[in-house]
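Participant: A single structure is presented below for examination.
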Amino acid sequence: MAAGVGPSAAASSMLLLLLFFSLTSVPNPATALTCEEVVTSLSGCLAYLRGAGAAPPPPTGCCAGVRHLLDAARTTPDRQQGCRCIQSILRSFSGLNLSRAAAVPGGCRVDIGYPVSLSLDCST
């Protein structure tokens, strides 16, 4: 049997990341959005973000999660928190295709208000 990263390994990685964010993220009183919610919402994007080559449109579940986050992040503090969480996710998971991450909002036909990038200043 060939060794590889299967669905259970991806699920284990997601659970570890959820646990990490639930234990380490101290919510800002003015912020209702949590990193745990961001991770959960974007879990449908994980396999897509690990893909290589030309990017097909993101999966329906990924786009639904992006739309959920857009609806949940109504205030400036929420959008800033979402931005920081997305950057943490991009840094925490190995093997993510940053070009695909940057293309998710456009592929899902949503405007999140900022580009998906590790270098973005989330404080503005």
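Participant: In segment 44-59, which residues are in a helix (DSSP H, G or I) and over 13 Å from V110 (Cβ atoms)?
Facilitator: Initially, segment 44-59 is screened for residues in a helix (DSSP H, G or I), giving 44-49.
Hits for segment 44-59 are G44, L46, A47, Y48, L49.
Participant: Output the residues belonging to segment 72-116 that are among the small types (G, A, S), in contact (Cβ under 8 Å) with a residue 24 or more places away in the chain and not in a helix (DSSP H, G or I).
Facilitator: Listed by number, the residues that qualify are A73, G95, G113.
Participant: Among the residues that make up segment 44-67, is at least one of them in contact with a Lys or Arg (Cβ under 7 Å, 6 or more places away or on another chain) and at pLDDT below 90?
Facilitator: Of all residues in segment 44-67, those in contact with a Lys or Arg (Cβ under 7 Å, 6 or more places away or on another chain) come to 48-49, 51, 55.
Within this subset, residues satisfying the condition of being at pLDDT below 90 are 51, 55.
There is at least one residue in segment 44-67 that is in contact with a Lys or Arg (Cβ under 7 Å, 6 or more places away or on another chain) and at pLDDT below 90.
The values are calculated or read from the model by the stated rules, or taken from the named source; none is laboratory data. These figures come from a predicted structure and were not determined experimentally. Positions of Cβ are backbone-derived with ideal geometry, glycine not excepted, and every protein chain shown enters the neighbour counts.
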